[in-house]
Amino acid sequence: ADSRLVEAINLSVQEASLTGESQPVEKDTVALDSADLPLADLPLGDRRNMVYMGTAVTYGRGTAVVAETGMQTELGRIAELIQSVDSDQTPLQKRMDEVGKVLLVGAVIVMIIAFVVGLLSGDPLDIVLLNAVAIAVAVVPEGLPAVVTIALALGAQRMLRRNALIRRLPAVETLGSVTTICSDKTGTLTENKMRVQVVDVAGHNTDMQTLIEHRLIDVINANGSAHNYDKAHALLMAGNMLCNDAVIEEDPNNSDRFVSIGDPTEGALVVAATRYGLNKEHMDAIFNRVGEVPFSSERKRMTTAHLLQNQVMMASPEDSYIMRVLGANTHHYIAISKGAADSLLDVCTHAWIEGEITELDDALRGRIEKANNDMAQNGLRVLGTAYRHMDVLPENWKHETVEHDMIFIGMVGIIDPPRPEVKAAVAICRAAGIRPVMITGDHPLTALNIAKQLDIAQEGDRVITGQELNRMSMEDLEAVVELVPVFARVSPEHKLNIVQALQNKGHIAAMTGDGVNDAPALKRSDIGVAMGITGTAVSKEAADMVIVDDNFTTIVSAVEEGRTIYDNVRRFIKYLLASNTGELIVLLLTQLIGGMSLPLTTLQILWMNLITDGIPALALGVEQAEPGSMKRAPYAPNESMFGRGLGRHILLVGAVLGASGLALGYWAWSNNIEAANGALAWNTMVFMFLTLAQMGHALALRSHRESLFTIGLRGNRLLIGAVILTVILQLMAIYLPFFNNLFQTNPLTLGQLAICLVLSTIVFWAVELEKLLIRRGILS
């Protein structure tokens, strides 16, 4: 059920499955109705007096009154959205439909022409019908559906090796057509691990990486007694480690990294202090916790008290140094508070500034508040730390008796950092003409900051929030959707509308997500991409592809693979249809020459299509990526399969193949060329020529524009093997007696075989000439 809170004591709820926000949300009971902002327009992540079905309590307790159940809950609304979304055909399915229609119309027209020509030639009706069927067989590439399916399956295998699991086979190619990638932020673009990025102490702002590179032991060894800035850093790190309930362990997969157990924010503080050179186990043993005031959402801070006079043997120079910094020689106890900086300032009277402890006046308070606001404006979550010494412990552990007259040490800025490899992947996307868009339930400032770091957004770019989307019509959204790189604080309906707007503008949109809230948009997008590690079962079920490692870079790799697959599909469609067009020309025109019969029988045509349309076409389907495939814009989503010269290639090569075969057949027929057994050889020579010419065609098609002499033969050993196997099978069909009887062939002399071989290279040279003209810009 969805419920309205009536009591909330330090209550935090993890709502990532609904909102996509990585941090637990602190809940309260304050009414949210506002004249300026209706409750219906308030994003889910900001409805702090509500708890929702499908979310998990991470801290505290509360009491709530059920408001909605079943399909009326937010989770139920998402289920309705999923049911209402219908998936369209993929671009490849639409293009293959187009190819099928063209082949159907072409086959019918050719059969009619063949039938009429046969009747006009005076042939018997049974012969006319047989010839028409034979020509129809030559038109239709029987192996095309199988080759396309196998090429997609092999592509899916290659994608899996690159951590992309394909759930729906037609989606394999769709990625290559993508023009926009809509990506979630948390876990996909970022590491989904909170980290300290900036440390601000004593009016001095330092990058955390700098502190890690100058660890505490290095400071001690260099200075003996460290500079006051270093003391402040050590005091801040020690305070954050002691006033903390997280547990830290070494990462089993990487000895140089640490993993925390507990609240993600507290874990980030402990990891930062550990990388600075402190040891939590030693610290907890030396500075025993003797009391605490737990965190509350009203105070926005927590406080712990620690014994400073514990006689535990020092384990390292760092421990000894921290003892002196914390004042163990002069005081019995120390109270450490951490929480929101503005909250801490309310209980502080002094602060570290310019390396000294100074009274907290208005100017110093303003300086700290400015540093706090600057970090928040950069999308960081800011936590401050303060302390006070105590000679005796309070009788009542209440915040009034502990949290007063404190000394403000400094602040840390925490963020879920972007994955280091994503920025390069975004650059590849842009070079490939693909626009990355961030769609997240997180805070707008945080989202924009991460987007800028990854070059998804530039300075001055606009962020649209869920509140703004609520006030937009679909037409308004379509007007800006191609310009806005970041959408923040969005709901499931918003994600669905963004994808719909992109599609309405003619884009092929990929959508990534991991939560239940992402499922409707995943299903509606041209290709939905779910996260394998953090993804929910609902999101994976709605998606077409699952990213095994939750990494945006994997999506980019899959895009490259998708483009390769589409190029390969076009490659073997070129091969099959051009070859079949050549066969068709030979079969049709021989009927117009008086006295000549069809050079090929129906069985010969089926055999030739079996050995030439099968293995060689399949080998073309595993060709490697074209050079520069990720440095060009994606092809138009509405592009015809016969566009960009494919139709021209089919007609050109088909004409060359057909004319050459016809010329060879006419020469051999008119001169009564005899085979080795004394029978007429012209039929068998045409049969052999058409097969050899198609092998030359296949070799030339290894690239759509680069010469075979440039790319060589080694890149596709399967194709070389397919060509050799096809030639061997064809030689068997001509020279073995069994096949002579079956296919009505006659063994050729070596001279006749050589003529077929030399003449068949004309097709190869024609394709190489076409590619030369393409490289020089004469043809497109």
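The values are calculated or read from the model by the stated rules, or taken from the named source; none is laboratory data. Owing to the predicted nature of the structure, the values given are computational and were not obtained by experimental measurement. Reconstructed Cβ throughout: ideal geometry from the backbone, glycine too, with neighbour counts over all protein chains shown. When the accessible area is computed, the model is the full protein with side chains, heavy atoms only, and any ligands, DNA or RNA have been set aside. Shrake-Rupley method; radii C 1.70, N 1.55, O 1.52, S 1.80 Å.
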List every residue pair whose Cβ atoms sit under 8 Å apart, with the two residues 6 or more apart in sequence or on different chains, where the first one lies in the stretch 229-251 and is free of Cβ contacts under 8 Å to residues at least 12 places away in the same chain and over 18 Å from D319 (Cα atoms) and the second, anywhere, is outside any loop (DSSP other than H, G, I, E, B) and of a type outside the set (K, R). E250/F258; E250/V259; D251/F258; D251/V259
Those strands (runs of 3 or more DSSP E) completely within the stretch 312-368 that have 1 or more residues that are open to solvent by less than 10 Å² (accessible area, probe 1.4 Å) and either under 20 Å from L278 (Cα atoms) or at pLDDT 80 or above (or both) are 333-339, 348-353
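Only one of V51, V13, V30 is open to solvent by 40 Å² or more (accessible area, probe 1.4 Å) and at pLDDT 85 or above; which?
Just a single option satisfies the conditions, and that option is V30.
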How many residues are within 24 Å of M159 (Cα to Cα), assigned to a helix (DSSP H, G or I) and not β-branched (V, I, T) if we restrict to the stretch 169-218? 5
Given the conditions (1) surrounded by fewer than 23 Cβ atoms within 10 Å (Cβ to Cβ); (2) modelled with pLDDT of 90 or more; (3) not charged (D, E, K, R), report the number of the one that P417 does not fulfil. (2)
Residues located in the stretch 438-473, provided they are more than 23 Å from the chain's Cα centre (by Cα), farther than 17 Å from I498 by Cα and among the small types (G, A, S): G460
Just name the residue that is farthest from S17 (Cα to Cα) out of those in the stretch 60-80 that are surrounded by fewer than 17 Cβ atoms within 10 Å (Cβ to Cβ) and among the hydroxyl-bearing types (S, T, Y). T63
Determine whether the stretch 445-456 contains at least one residue that is open to solvent by 10 Å² or more (accessible area, probe 1.4 Å), out of contact with any Leu (no Cβ under 7 Å at 6 or more places or on another chain) and more than 19 Å from P418 (Cβ to Cβ). no
Qualifying residue in the stretch 370-377 (condition: closer than 20 Å to Y229 by Cβ, free of Cβ contacts under 8 Å to residues at least 12 places away in the same chain and within 47 Å of the chain's Cα centre (by Cα)): yes
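Looking at the stretch 161-190 only, could you name the residues that are under 27 Å from Y575 (Cβ atoms) and either open to solvent by 20 Å² or more (accessible area, probe 1.4 Å) or of a type in the set (F, W, Y) (or both)?
First pass over the stretch 161-190, keeping only residues under 27 Å from Y575 (Cβ atoms): 161-162, 166, 168-178.
R161, R162, I166, R168, L169, P170 - these are the residues of the stretch 161-190 that are under 27 Å from Y575 (Cβ atoms) and either open to solvent by 20 Å² or more (accessible area, probe 1.4 Å) or of a type in the set (F, W, Y) (or both).
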Can you tell me how many residues within the stretch 496-529 are part of a helix (DSSP H, G or I) and either under 20 Å from N470 (Cβ atoms) or open to solvent by 10 Å² or more (accessible area, probe 1.4 Å) (or both)? 16
Among the residues of the stretch 126-168, which ones are modelled with pLDDT under 85 and in a loop (DSSP other than H, G, I, E, B)? V140, P141, E142, G143, R168
Looking at (1) part of a loop (DSSP other than H, G, I, E, B); (2) on the phi < 0 side of the Ramachandran plot, which is the one condition that is false for G628? (2)
K193 passes all but one of (1) of a type outside the set (F, W, Y); (2) open to solvent by 40 Å² or more (accessible area, probe 1.4 Å); (3) over 30 Å from F487 (Cα atoms); which number fails? (3)
Unique match (being touching a strand residue (DSSP E or B) at 6+ places or on another chain (Cβ under 9 Å) and modelled with pLDDT under 90) among A238, A226, A202, A268: A202
Report yes if E281 is assigned to a strand (DSSP E or B), free of Cβ contacts under 8 Å to residues at least 24 places away in the same chain, open to solvent by 20 Å² or more (accessible area, probe 1.4 Å) and under 18 Å from R215 (Cβ atoms), otherwise no. no
Residue check, D123 among the charged types (D, E, K, R), farther than 30 Å from G535 by Cα and at pLDDT below 80: yes
Subset of the stretch 732-766 [under 20 Å from G614 (Cα atoms) and either over 48 Å from the mean Cα position of the chain (by Cα) or surrounded by fewer than 15 Cβ atoms within 10 Å (Cβ to Cβ) (or both)]: M732, A733, I734, F739, F743
List, please: which pairs have Cβ atoms under 7 Å, are six or more places apart or on different chains, and start with a residue in the stretch 441-467 that is within 23 Å of D514 (Cβ to Cβ) and end with one that is among the aromatic types (F, W, Y) and open to solvent by 30 Å² or more (accessible area, probe 1.4 Å)? none
Please enumerate the residues belonging to the stretch 63-87 that are in contact with a strand residue (DSSP E or B) (Cβ under 7 Å, 6 or more places away or on another chain) and at pLDDT 90 or above. T63, A64, V65, V66, A67, E68
